[in-house]
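> Sharing a structure, written as structure tokens. Questions coming.
Only the coordinates and a few stated rules stand behind these numbers; no lab work does. In this text the structure is predicted, and so the values were computed from the model without any measurement. Backbone-built Cβ (ideal geometry, glycine too); neighbour counts: all protein chains shown.
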2 protein chains.
Amino acid sequence: MVLSKACTYGILASLYVARESSRSKDYVSIGKMSKELNISFHFLTKILQQLTSAGILVSMKGPKGGVALKRDPKEISLVDVVVAIDGMGLFTDCLLGLPGCGEEKPCPVHGEWDGIRANLFHTFRGKNLEETAKSIDELNLRFALPAGAEVDREDSG
Amino acid sequence: MVLSKACTYGILASLYVARESSRSKDYVSIGKMSKELNISFHFLTKILQQLTSAGILVSMKGPKGGVALKRDPKEISLVDVVVAIDGMGLFTDCLLGLPGCGEEKPCPVHGEWDGIRANLFHTFRGKNLEETAKSIDELNLRFALPAGAEVDREDSG
DNA sequence: TTATTTAGAGACTATTTTATCTTATTTTTG
DNA sequence: CAAAAATAAGATAAAATAGTCTCTAAATAA
């Protein structure tokens with residue numbers, strides 16, 4: 001798995017917030033977001049807290065509270081979100097997990113992986129939340145987990 | 001983490017076996033390999049069993065026993081080893097973990113990730129154990145964990 | 001054929017990641 | 001100021017991954 005689940009949820013949530021923000025300046029409700037993305041509310045809350053402490057989101061308690069992007073969504077890249085949650089490891093670490101692997105004393109796949117991860121970095125560094133969120137509606141993209149991936153506890157009875 | 005630790009150990013072990021095989025036709029001792037690669041013996045044993053049941057290695061018990069490559073090391077690619085341990089997921093799954101993501105209904109990063117993972121696949125599909133193992137000695141590459149990464153229990157006393 | 005050496009197999013433990021549950025704390029609304 | 005609505009925080013649990021330990025089975029060598 002390239003990204004942790006927490007990280008993928010963080011990306012989906014960031015795109016959700018960017019998308020909502022283009023329609024209204026209100027804070028985005030975490031409860032509503034968790035239902036629409038089918039992500040566990042409490043788990044999502046923690047991930048959003050990481051994004052908040054990383055300076056990507058701001059939050060507000062109370063009625064009409066929620067989260068919002070702290071900066072211009074055009075200035076926030078997917079790499080920013082990945083780094084906030086999973087750290088820089090994906091873009092810096094040896095594929096084989098060998099500490100100290102680098103140009104001086106590389107591992108058997110260093111050259112190959114170095115190229116691929118640079119490509120990964122630049123590709124996702126170039127995708128900002130504004131454009132990416134806009135493409136969701138324009139191209140009718142998938143960006144939520146399937147319903148039922150998380151169990152709904154407020155059942156009839 | 002792109003590859004599981006089990007998978008990275010499996011790659012290092014496969015390269016170790018390929019390297020030893022180029023010098024002698026004897027079975028490669030798992031105990032010796034675990035010491036030289038600094039990988040926990042029992043854990044390594046399990047990983048090697050996966051490679052054996054995947055048809056990449058053969059094993060032999062008893063004195064002079066150990067493991068050996070089942071096929072010509074030129075015919076075994078790093079992708080074969082990755083797939084034997086981590087499965088095909090890395091080369092097929094959606095980066096955001098969205099089930100059903102594909103050309104018909106893609107996720108917001110489908111196109112980008114599709115290109116990168118194809119590159120990843122073809123790059124490592126093109127690296128076979130023979131050439132890769134040979135490069136270890138020719139270029140003096142790093143391919144073992146640092147000593148002490150695993151604790152040695154046969155201490156003085 | 002018996003002892004030794006080595007891999008195989010399964011139970012067990014530890015750690016990390018993912019997810020849930022409960023209790024604050026803050027903000028708005030009446 | 002009190003009630004309600006929402007996020008924050010921390011404890012707890014479940015699941016996946018990583019690692020260890022013990023015993024079994026097979027092969028060699030004396």
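> Can you find even one residue in the range B:49-58 that is touching a Phe, Trp or Tyr at 6+ places or on another chain (Cβ under 9 Å) and not β-branched (V, I, T)?
Checking the range B:49-58: not a single residue is touching a Phe, Trp or Tyr at 6+ places or on another chain (Cβ under 9 Å) and not β-branched (V, I, T).
> Let me confirm something: among B:V67, B:V82, which residue is more than 30 Å from A:K5 (Cα to Cα), more than 10 Å from DNA strand D (Cβ to nearest atom) and crowded, with 21+ Cβ neighbours inside 10 Å?
After applying the criteria, what remains is B:V67.
> Looking at (1) touching a Pro at 6+ places or on another chain (Cβ under 9 Å); (2) more than 12 Å from DNA strand D (Cβ to nearest atom), can you tell me which one B:N38 breaks?
It fails just one condition, (2).
> If A:K127 satisfies every condition in (1) of a type in the set (D, E, K, R); (2) closer than 30 Å to B:I11 by Cα; (3) touching a strand residue (DSSP E or B) at 6+ places or on another chain (Cβ under 8 Å) but one, which is the exception?
(2)
> When the range B:59-75 is examined, which residues are found to be touching a helix residue (DSSP H, G or I) at 6+ places or on another chain (Cβ under 7 Å) and near DNA strand C (Cβ under 8 Å from one of its atoms)?
B:S59, B:G66, B:V67
> Further question: On the given criteria, is B:G100 surrounded by fewer than 16 Cβ atoms within 10 Å (Cβ to Cβ), under 25 Å from A:L120 (Cβ atoms) and at the interface with chain A (Cβ under 9 Å from one of its Cβ atoms)?
So B:G100 passes the test.
> If you check every pair at least six apart or on different chains, which have Cβ atoms under 7 Å apart with a residue in the range A:21-44 that is within 14 Å of another protein chain (Cβ to nearest Cβ) and within 14 Å of DNA strand C (Cβ to nearest atom) first and a residue that is of a type in the set (G, A, S) and assigned to a loop (DSSP other than H, G, I, E, B) second?
A:L37/A:A144; A:N38/A:A144; A:N38/A:A147; A:N38/A:A149
> For residues in the range A:19-49 being outside any helix (DSSP H, G or I), out of contact with any Leu (no Cβ under 6 Å at 6 or more places or on another chain) and not β-branched (V, I, T), which is farthest from A:D72 (Cα to Cα)?
Selected residue: A:S40.
> Which ones in the range B:44-102 are among the hydroxyl-bearing types (S, T, Y) and over 23 Å from B:N119 (Cβ atoms)?
Hits for the range B:44-102 are B:T45, B:T52, B:S53, B:S59.
> Go through the range B:50-81 and report how many residues are touching a Gly at 6+ places or on another chain (Cβ under 8 Å), outside any strand (DSSP E or B) and not basic (K, R).
Counting residues in the range B:50-81 that are touching a Gly at 6+ places or on another chain (Cβ under 8 Å), outside any strand (DSSP E or B) and not basic (K, R) gives 3.
> Let me ask something additional. Failed condition for A:C7, given (1) out of contact with any Asp or Glu (no Cβ under 6 Å at 6 or more places or on another chain); (2) assigned to a helix (DSSP H, G or I), with all others met?
(1)
> Select from the range B:1-20 the residues that are within 14 Å of DNA strand C (Cβ to nearest atom) and charged (D, E, K, R) and write down the one among them that is farthest from the chain's Cα centre (by Cα).
Looking at the filtered set, the residue picked out is B:E20.
> Something else: Restricted to the range A:53-64, and to residues that are within 9 Å of DNA strand D (Cβ to nearest atom) and closer than 16 Å to A:S21 by Cα, which residue is farthest from the other protein chains (Cβ to nearest Cβ)?
A:K64
> Give all pairs with beta carbons closer than 9 Å in which a residue from the range A:1-14 that is in contact (Cβ under 8 Å) with a residue 60 or more places away in the chain meets a residue that is more than 11 Å from DNA strand C (Cβ to nearest atom) and charged (D, E, K, R); count only pairs at least 6 apart in sequence or on separate chains.
A:V2/B:D93; A:V2/B:R117; A:S14/A:D80
> Just one of B:E112, B:E131 is assigned to a helix (DSSP H, G or I) and more than 9 Å from every other protein chain (Cβ to nearest Cβ); which is it?
Within the list B:E112, B:E131, the selection yields B:E131.
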